Structure formats: structure tokens, C-alpha cells
Amino acid sequence: MIAFRIDSLSGLGHFMRSKWLALALKEQGVACKLFLDNQPNKELCEPFCQDVVIVPRGLTQVQQASWCTQYLSEQGLTPSHWVIDGYKFSMQWELAVKSPQVGVVVIDDLARSHEADWVIDAKWQGHQTFFSRYDDRVSEDTQLLLGPEYALLSPQYAQFKPQLQRQNSLLFSLGGGGDWSRLTELISHLLHQDNGLLKIEVIIGPYATSTEELSQLAEKFANLHLITGENSLYHYYVQCGLFVGALGTSLYELAATQTSAVTFSIADNQHNDQQDLEQLGHYFHIPDLLDYPVNEIASTLHALLQYRERLNKLAQSAAVKVDGLGAQRVCSVLLNNHHSQKQVLAKASYAETSIQITPDLTLRPVQDTDINHYLNARNRADNAWRMTITKQISQLQHYRWWFANQRASFVLESEGGALLYIWHQLFEIRGQQYLIGGWFAASDDVGFAHAQLILDWQLKETAKLWPKAHWLAVINKENKFVNLLNQRAGFVAVAEGSPEFESILALFPDATPEQFNFVAKFADNNT
């Protein structure tokens with residue numbers, strides 16, 4: 001028999017992940033007892049309704065452990081393991097039940113200190129996942145089961161097959177609880193602005209608050225569906241066009257179903273490094289999403305839904321896969337002491353589209369997987385002041401622009417790391433073709449030689465594609481570096497009132513001749 005002590009007051013996540021582990025153990029013939037703080041809904045408890053024990057309130061951790069141990073003893077039960085899941089349970093709880101005969105298993109995702117035989121932590125933090133998360137926080141004898149391969153999910157997720165077609169729909173969730181007041185504003189805005197073709201599903205957890213207005217909206221709008229009492233959200237994930245909600249456990253469910261998502265943070269365990277999320281196929285985590293105006297959030301969601309085929313490819317491109325077998329793996333470890341291999345990252349390959357500029361430098365087209373790094377580079381302080389728009393670009397602004405823009409963009413890399421981004425775009429004004437473009441550093445290692453090399457490539461490449469096109473540019477007058485670079489490349493000042501001058505004003509509406517040099521490189525000089 002294996003006993004569980006689960007924090008069932010802090011949302012639903014602790015209970016659900018422990019339940020899936022208990023189910024895997026039950027399927028192997030192992031009896032389980034679940035010690036909780038309160039009684040969950042019957043639908044959520046199945047098939048453990050008869051195995052739930054409510055722990056009295058007001059006890060210290062040591063008193064709780066003693067009460068639980070005494071309860072089992074009176075039932076004639078001796079656990080082989082205690083599984084402990086909850087941030088409020090410290091090493092005191094672990095030490096109180098640990099013995100040579102009883103193993104202690106802790107489920108965690110905050111890398112806390114433990115006195116345990118096993119620690120299960122599915123959180124993905126790149127290579128740090130395996131090599132430093134629990135340094136000096138557990139004993140040398142503790143077995144660490146780390147990374148998404150140990151994510152404790154419903155067995156349904158192991159059956160996932162990629163979806164060829166997804167609905168034009170939004171799926172909202174705050175997990176087991178959450179205050180719905182702010183999201184209700186957004187959902188109301190979407191419903192009132194939409195023509196009824198957008199399906200909106202809302203998962204309302206048993207501990208949710210401020211849901212009255214949602215119920216009123218559901219009575220008024222047929223395309224709004226409220227979902228309660230679900231044991232698993234698998235079928236909703238695999239069908240929805242875009243998930244919107246708190247990160248939490250949903251991260252691994254999203255990864256397992258390759259579901260595109262826009263997420264935000266409402267708890268300490270929902271703060272993640274963007275690169276780590278991208279390796280799980282999740283590119284749109286906006287921690288402060290709910291602080292934006294609802295109309296801006298709504299327009300961004302509409303834009304992302306419009307390009308959901310590209311979003312789906314991003315979700316499918318995950319370097320780290322979640323296969324839904326985490327509970328079975330942990331079960332195998334506990335029963336057979338079998339330890340699986342660490343997860344290996346799949347690496348992206350750009351060999352077919354890359355251009356070798358020099359033995360050390362490679363140029364490739366920008367991919368959707370570059371979406372966040374591109375923004376981070378553009379917003380670097382040493383880049384922004386040189387541009388026609390000097391303020392920081394927000395994530396929502398960037399995402400709306402990214403999927404609609406018509407630029408040809410490239411990234412110059414050295415040893416797989418981005419050095420700079422360069423782009424160009426063709427326009428036709430009054431029968432004349434014009435090219436505009438730009439570049440910005442993505443690294444402190446960019447020098448004059450890199451910029452000159454890539455500008456030379458760009459001018460030669462565009463001259464082949466559009467031999468009759470004139471190049472137009474605006475350069476901040478204080479930017480001596482780029483002014484010199486473009487002079488060497490053959491750019492000359494344009495006369496005020498000329499067609500080129502007027503075209504620059506049209507193509508660069510935020511540039512003024514007082515702050516920027518207006519220059520051109522004419523087609524007959526494109527050599």
C-alpha cells in the first residue's frame with residue numbers, strides 16, 4: 001500500500017497529478033490511500049472515492065504526520081511509501097514518516113530542499129534540469145526523477161495523435177481555481193465583437209471565483225460553452241484552435257497534445273524562461289497578459305487564430321517531447337527501481353536553407369521559431385535608439401505584426417548563435433520599384449566587419465532579384481557607424497521634393513529629415 005499526502009486546498013494541480021500517479025499504481029495492483037484537506041468532487045475523485053481520508057485542520061506538520069500514521073495503523077495498514085505533494089509540506093513532514101521500511105517520494109516543481117528517497121520534478125529548465133536544480137538540496141542517496149518525461153498526466157495523453165484540422169475556437173482555463181473577473185471582461189469583449197462564428201469554451205474549476213457573469217453570458221451567447229466537473233481536459237485540448245490561460249500543469253498537457261497556447265502567470269511555479277518553454281513547443285507566454293487592455297488582447301488572439309496553421313507547426317516543432325507516460329514511468333521506478341534515460345533534445349536543422357558566408361558565419365532565413373529572440377534583439381537598448389520607432393515593442397504588438405509582415409528576413413549566425421538580423425521588402429510607388437531594409441544586432445559581438453559583410457550580401461542578392469529597384473533608407477544622424485557603412489555601399493542623399501524623398505516619407509512615416517538622413521542607392525549603381 002502507498003499513502004499520499006496531498007495539498008487539496010491550493011488549487012487542483014497537486015491533487016490531479018498525484019491522482020494520475022495513484023491510478024498508474026492501482027493499475028499495477030497497488031492499493032492507495034489519499035490524505036487530503038477537503039473532499040473533492042466525486043467526478044474528480046474517481047476511482048478513489050473510497051480511498052480518500054480528510055486530515056483534521058489545525059495540526060502542525062509533525063502532528064499531521066502522526067495522525068495519518070496512526071490512522072493507517074488503526075486500519076491495519078503499513079505503507080511501503082509516502083508520496084507527498086504540496087508546497088506547505090516541508091522536510092518536517094518528510095522526516096516524520098521516513099524510515100528504513102517506508103520510502104518518501106516528493107512531487108515538487110520549485111526545487112525546494114527535501115529529505116526524501118525520490119524527488120519527482122517535471123519542470124523543464126534546459127540542461128539545468130538535470131545538472132543543478134537540486135544541488136545541495138537533497139542527499140546523495142536521493143533519486144531524482146527530473147524533466148517532462150516524468151510529467152504526471154491522465155493516461156489519455158499517451159494516446160495522442162497529431163490533429164490535421166483544429167476548430168476555430170478558443171479554450172480558456174485558470175486550472176482548478178482562479179478569479180475569472182478579468183478574463184470575463186475579455187470573453188465578453190470577444191463575444192460582442194464576434195459574429196457568432198468563434199466558438200469559446202471555458203473550463204471552470206471547482207475552486208473558481210467570480211463566475212456569475214460568465215453564466216449570464218452563456219445564457220445569452222450560443223457560442224459560449226461553460227465546462228465543469230471534467231476529470232480530464234484531453235478532448236478539449238486536442239480540438240481547440242488556441243488555448244488561453246494560466247500556465248501551471250497545463251504546460252505539459254499542451255505539449256503532449258501539441259496545442260497552441262497563449263499563457264500568463266498567476267502563481268510562483270508559473271514563471272519560466274522563454275527558451276525553456278520554446279523547447280516544449282510553447283512560444284506565447286506573456287506573464288502580464290491580463291494587464292493589457294482587453295481590446296488589444298482580443299485583437300492579438302484573433303490574429304493568432306488566423307494563422308493557427310503556423311502556430312500548430314510551432315507546437316509540433318518541440319525539441320522536448322511529452323508523451324503522456326510520466327505516471328507509468330514513476331510507477332515503474334517505485335515498484336521496480338527502474339530509472340529511465342535523461343531526455344535528449346532534438347536539434348533544429350537549417351542545412352537546406354543556410355548560406356555559408358564565411359567559414360565561421362552562416363546566414364539563414366528567419367523562421368517562426370525565431371519570433372521571441374527577434375523581439376528581444378530588436379528591443380536591445382543599443383538598437384532601439386537608432387530606429388524610427390524608439391520605444392520598446394510589446395509582445396502583443398510584435399505577435400500581431402510578425403504573422404502579417406511581408407518582409408524577407410534573415411539571421412547571421414556564428415556557431416549557432418545569432419549575431420544580427422537583416423531584412424528587406426519590395427514596394428512599388430508610381431511605377432517605380434523601391435527596396436527598403438534594415439539590420440540590428442542580436443549580440444554584443446557584432447562589429448563593423450559583420451555589418452559590411454552582410455550589407456554587401458544583401459545589396460548583391462536584391463540586385464539579382466530586382467535589378468530595376470532603387471534602395472531607400474533612413475539613418476539616424478547620430479549613427480555614424482551606419483552612415484559610414486551605407487556611404488561605402490553607394491548610398492547618397494536624396495533631394496527634398498524628389499520622388500525618392502516623397503517615397504521615403506510614405507514608407508517611413510515615423511522618420512523626419514531633422515533626425516534622419518534620407519538616402520538612396522539607385523538601380524544603375526546596384527553593383
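So Leu23 passes all but one of these: (1) more than 13 Å from Leu152 (Cα to Cα); (2) at pLDDT 95 or above. Which condition number does it fail?
(1)
Could you please tell me which pairs satisfy a Cβ distance under 9 Å, a separation of 6+ or placement on different chains, a first residue in the stretch 286-298 that is not assigned by TED's automatic domain parsing to the domain that holds Gln397 and in a loop (DSSP other than H, G, I, E, B), and a second residue that is of a type in the set (Gly, Ala, Ser) and surrounded by fewer than 17 Cβ atoms within 10 Å (Cβ to Cβ)?
From residues that are not assigned by TED's automatic domain parsing to the domain that holds Gln397 and in a loop (DSSP other than H, G, I, E, B), the pairs are Ile286/Ser394; Tyr292/Ser394.
Outside any helix (DSSP H, G or I), under 18 Å from His398 (Cβ atoms), modelled with pLDDT of 95 or more and in contact with a helix residue (DSSP H, G or I) (Cβ under 9 Å, 6 or more places away or on another chain) - does that describe any residue in the stretch 269-279?
No, because not a single residue in the stretch 269-279 is outside any helix (DSSP H, G or I), under 18 Å from His398 (Cβ atoms), modelled with pLDDT of 95 or more and in contact with a helix residue (DSSP H, G or I) (Cβ under 9 Å, 6 or more places away or on another chain).
So, of the residues in the stretch 11-57 that are among the polar types (S, T, N, Q) and in contact with a strand residue (DSSP E or B) (Cβ under 9 Å, 6 or more places away or on another chain), which turns out to be farthest from Leu233 (Cα to Cα)? Spell out how you get there, then give the answer.
Just the residues of the stretch 11-57 that are among the polar types (S, T, N, Q), to begin with: 18, 28, 38-39, 41, 50.
Now drop any that are not in contact with a strand residue (DSSP E or B) (Cβ under 9 Å, 6 or more places away or on another chain), which leaves 18, 38-39.
Numbers: Ser18: 16, Asn38: 22, Gln39: 21 Å.
The selected residue is Asn38.
Could you list, ordered by first residue, the pairs with Cβ atoms under 8 Å in which the first is in the stretch 495-515 and under 21 Å from Gln433 (Cβ atoms) and the second is exposed (fewer than 12 other Cβ atoms within 10 Å of the Cβ) and at pLDDT 95 or above, at least 6 apart or interchain?
Pro499/Arg430; Phe501/Ala495
Under the condition of being part of a loop (DSSP other than H, G, I, E, B) and not hydrophobic (A, V, I, L, M, F, W, C), which residue from the stretch 255-268 is farthest from His398 (Cα to Cα)? Step through it out loud before you land on a result.
Narrowing the stretch 255-268 to residues part of a loop (DSSP other than H, G, I, E, B): 258-260, 265-267.
Then keep just the ones that are not hydrophobic (A, V, I, L, M, F, W, C); that gives 258-260, 265.
Working: Gln258: 23, Thr259: 21, Ser260: 17, Ser265: 20 Å.
Checking each candidate, the answer is Gln258.
Scan (1) modelled with pLDDT under 95; (2) assigned to a strand (DSSP E or B); (3) not aromatic (Phe, Trp, Tyr) for the single condition Lys33 breaks and write down its number.
For Lys33, the failing item is (1).
So which residues in the stretch 458-483 are farther than 23 Å from Ser414 by Cβ, part of a helix (DSSP H, G or I) and out of contact with any Ser or Thr (no Cβ under 8 Å at 6 or more places or on another chain), if there are any at all?
Quick first cut of the stretch 458-483, residues farther than 23 Å from Ser414 by Cβ only: 462-480, 483.
The next check asks that each one be part of a helix (DSSP H, G or I); those that pass are 462-465, 480, 483.
Within the stretch 458-483, Thr462, Lys464, Leu465, Lys480, Asn483 meet the criteria.
Return yes when Phe440 is farther than 18 Å from Ala520 by Cβ and either crowded, with 19+ Cβ neighbours inside 10 Å or of a type in the set (Gly, Ala, Ser) (or both) and no when it is not.
Details: farther than 18 Å from Ala520 by Cβ: yes; either crowded, with 19+ Cβ neighbours inside 10 Å or of a type in the set (Gly, Ala, Ser) (or both): yes.
Spelling it out, Phe440 is indeed farther than 18 Å from Ala520 by Cβ and either crowded, with 19+ Cβ neighbours inside 10 Å or of a type in the set (Gly, Ala, Ser) (or both).
Given the conditions (1) within 35 Å of the chain's Cα centre (by Cα); (2) loosely packed, with under 13 Cβ neighbours inside 10 Å; (3) in contact (Cβ under 8 Å) with a residue 24 or more places away in the chain, report the number of the one that Ser90 does not fulfil.
(2)
Could you check, for the stretch 105-115, whether at least one of its residues is crowded, with 18+ Cβ neighbours inside 10 Å, at positive phi and at pLDDT below 95?
Taking every residue of the stretch 105-115 in turn, at least one turns out to be crowded, with 18+ Cβ neighbours inside 10 Å, at positive phi and at pLDDT below 95.
Quick check on my filter: what residues within the stretch 471-500 are within 26 Å of Lys391 (Cβ to Cβ) and surrounded by 15 or more Cβ atoms within 10 Å (Cβ to Cβ)?
The initial filter retains those residues of the stretch 471-500 that are within 26 Å of Lys391 (Cβ to Cβ), namely 472-483, 485-486.
Selection gives Leu472, Ala473, Val474, Ile475, Asn476, Asn479, Val482, Asn483, Leu485, Asn486.
Among (1) more than 29 Å from Leu301 (Cα to Cα); (2) within 29 Å of the chain's Cα centre (by Cα); (3) not β-branched (Val, Ile, Thr), which single condition is Arg400 missing?
(1)
Among (1) closer than 17 Å to Ser154 by Cβ; (2) out of contact with any helix residue (DSSP H, G or I) (no Cβ under 8 Å at 6 or more places or on another chain), there is one condition Leu77 misses while meeting the rest; what is its number?
In the conditions (1) closer than 17 Å to Ser154 by Cβ; (2) out of contact with any helix residue (DSSP H, G or I) (no Cβ under 8 Å at 6 or more places or on another chain), Leu77 misses (1) alone.
What do you reckon, is Phe4 at pLDDT 95 or above and either buried (at least 22 other Cβ atoms within 10 Å of the Cβ) or within 16 Å of Val106 (Cβ to Cβ) (or both)?
Details: at pLDDT 95 or above: yes; either buried (at least 22 other Cβ atoms within 10 Å of the Cβ) or within 16 Å of Val106 (Cβ to Cβ) (or both): yes.
Judged against the criteria, Phe4 is a match.
Looking for whichever is crowded, with 20+ Cβ neighbours inside 10 Å and more than 17 Å from the chain's Cα centre (by Cα) here; the options are Ala327, Ala315. Which one fits?
Values: Ala315 fails: more than 17 Å from the chain's Cα centre (by Cα).
Step by step, each of Ala327, Ala315 is checked, and only Ala327 is crowded, with 20+ Cβ neighbours inside 10 Å and more than 17 Å from the chain's Cα centre (by Cα).
If you go through the stretch 32-72, how many residues are of a type in the set (A, V, I, L, M) and either within 35 Å of the chain's Cα centre (by Cα) or farther than 27 Å from Met91 by Cβ (or both)? Steps first, please.
Restricting attention to the stretch 32-72, the residues satisfying the condition of being of a type in the set (A, V, I, L, M) are 34, 36, 44, 52-55, 59, 62, 65, 72.
Subset that is either within 35 Å of the chain's Cα centre (by Cα) or farther than 27 Å from Met91 by Cβ (or both): 34, 36, 44, 52.
Number satisfying all stated conditions: 4.
Restricting attention to strands (runs of 3 or more DSSP E) lying wholly within the stretch 357-441, give those where 2 or more residues are small (Gly, Ala, Ser).
Where strands (runs of 3 or more DSSP E) fall fully within the stretch 357-441 and carry at least 2 residues being small (Gly, Ala, Ser), they are 408-414, 417-429, 432-441.
Looking at (1) surrounded by fewer than 18 Cβ atoms within 10 Å (Cβ to Cβ); (2) under 25 Å from Ser414 (Cβ atoms); (3) without any contact (Cβ under 8 Å) to a residue 40 or more places away in the chain, can you tell me which one Leu455 breaks?
(1) is the only condition that Leu455 fails.
So which residues in the stretch 1-30 are touching a Gly at 6+ places or on another chain (Cβ under 7 Å) and in a helix (DSSP H, G or I)?
The answer is Gly13, His14.
Is it fair to say Phe131 is surrounded by fewer than 20 Cβ atoms within 10 Å (Cβ to Cβ), free of Cβ contacts under 8 Å to residues at least 12 places away in the same chain and more than 20 Å from Gly245 (Cα to Cα)? Reasoning before the result, please.
Details: surrounded by fewer than 20 Cβ atoms within 10 Å (Cβ to Cβ): yes; free of Cβ contacts under 8 Å to residues at least 12 places away in the same chain: yes; more than 20 Å from Gly245 (Cα to Cα): yes.
The answer is yes for Phe131.
Taking the criterion of being crowded, with 22+ Cβ neighbours inside 10 Å and of a type in the set (D, E, K, R), would at least one residue in the stretch 222-244 satisfy it?
So far as the stretch 222-244 goes, no, none of its residues is crowded, with 22+ Cβ neighbours inside 10 Å and of a type in the set (D, E, K, R).
Tell me yes or no: at least one residue of the stretch 280-302 is within 16 Å of Gly126 (Cα to Cα), surrounded by fewer than 23 Cβ atoms within 10 Å (Cβ to Cβ) and at pLDDT 95 or above.
Applying the first criterion (within 16 Å of Gly126 (Cα to Cα)) to the stretch 280-302 yields 280-283.
Restricting the remaining residues to those that are surrounded by fewer than 23 Cβ atoms within 10 Å (Cβ to Cβ) gives 280, 283.
Those left that are additionally at pLDDT 95 or above: 280, 283.
The answer is yes, given that some residue of the stretch 280-302 is within 16 Å of Gly126 (Cα to Cα), surrounded by fewer than 23 Cβ atoms within 10 Å (Cβ to Cβ) and at pLDDT 95 or above.
Mind counting the residues in the stretch 322-339 that are in contact with a Ser or Thr (Cβ under 8 Å, 6 or more places away or on another chain) and either at pLDDT below 65 or assigned to a loop (DSSP other than H, G, I, E, B) (or both)?
Number satisfying all stated conditions: 2.
The values are calculated or read from the model by the stated rules, or taken from the named source; none is laboratory data. If you're wondering where the values come from, they're calculated on a predicted model, not measured in any experiment. Counting neighbours? That spans all protein chains shown, and the Cβs are built from the backbone with ideal geometry, glycine included.
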